[in-house]
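The values are calculated or read from the model by the stated rules, or taken from the named source; none is laboratory data. Remember, it's a predicted structure, so these values are computed and weren't measured experimentally. Heads up, the Cβs are rebuilt from the backbone with ideal geometry, glycines too, and the neighbour counts pull from every protein chain shown. Ligands, DNA and RNA are excluded from the accessible area calculation, which covers all protein heavy atoms including side chains. Shrake-Rupley method; radii C 1.70, N 1.55, O 1.52, S 1.80 Å.
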Amino acid sequence: YRCKMSVKILMVCLGNICRSPLAHGIAQEYINKNKLDILVDSAGTGSWHIGEAPCENSIKVALLNGVDISKQKARQVKKDDFQKFDLIVALDDNNLKDLKNLGCKNTLKLGDFGYEGACVPDPYYFRDFEEFKNVYSMIETCVIALINKSKEF
């Protein structure tokens with residue numbers, strides 16, 4: 001009899017329409033392909049976009065990479081998420097600080113898994129689609145490293 005220990009990961013950015021939906025989608029795709037027992041979700045620290053789909057460019061860059069995030073809906077992080085998830089993953093320093101201010105103890109930064117602690121830039125204000133491609137690559141590298149390391153958590 002083998003006990004299966006499922007890990008639960010929550011990806012968090014500001015509005016939950018650009019970066020964290022990408023991290024969520026990339027993680028889900030990797031989890032499915034590798035048949036891992038990991039639950040992944042995403043949320044934002046802000047409330048502006050609750051119920052909205054991810055931004056067009058995030059959906060587009062994900063689809064270019066074989067990941068469909070179009071069905072995701074933005075939600076705001078809740079205090080009970082801190083108990084429900086084993087890892088709360090902030091996409092930048094501001095979100096990390098906001099999560100800690102909300103009382104979250106089990107938070108870490110995505111950039112610590114492949115980009116030496118760098119913040120994932122928010123592409124929301126960029127006009128250039130290339131920036132979304134760069135953000136996608138960064139998130140993908142870090143998410144895969146995080147998932148492979150999550151077996152140790």
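Peptides 95-104, 53-62 ordered by packing proxy, namely the average of other Cβ atoms within 10 Å per residue, highest first: 53-62, 95-104. In whole percent, how big is the carbon plus sulfur part of the accessible area of the chain, probe 1.4 Å, protein atoms only? About 51 percent, which is the carbon plus sulfur part of the accessible surface. In the context of the full set of protein chains, the chain has a per residue accessible area of 53 Å² (1.4 Å probe).
Applying the criteria of a DSSP loop state and at most 16 other Cβ atoms within 10 Å to the chymotrypsin sites (Phe, Trp or Tyr not before Pro) of segment 34-86 yields W48. Counting only Cβ charges, +1 for Lys and Arg and -1 for Asp and Glu, the dipole size of the chain around its Cα centre is about 640 debye. The Kirkwood hydrodynamic radius of segment 10-132, based on inverse pair distances between different Cα atoms, is 14.5 Å. Summary of packing: across the peptides 139-151, 122-134, 15-27, the per-residue average of other C-beta atoms within 10 Å ranks them, highest first, as 15-27, 139-151, 122-134. Remark on segment 78-153: hydrodynamic radius 13.3 angstrom, per the Kirkwood mean of 1/r across alpha carbon pairs.
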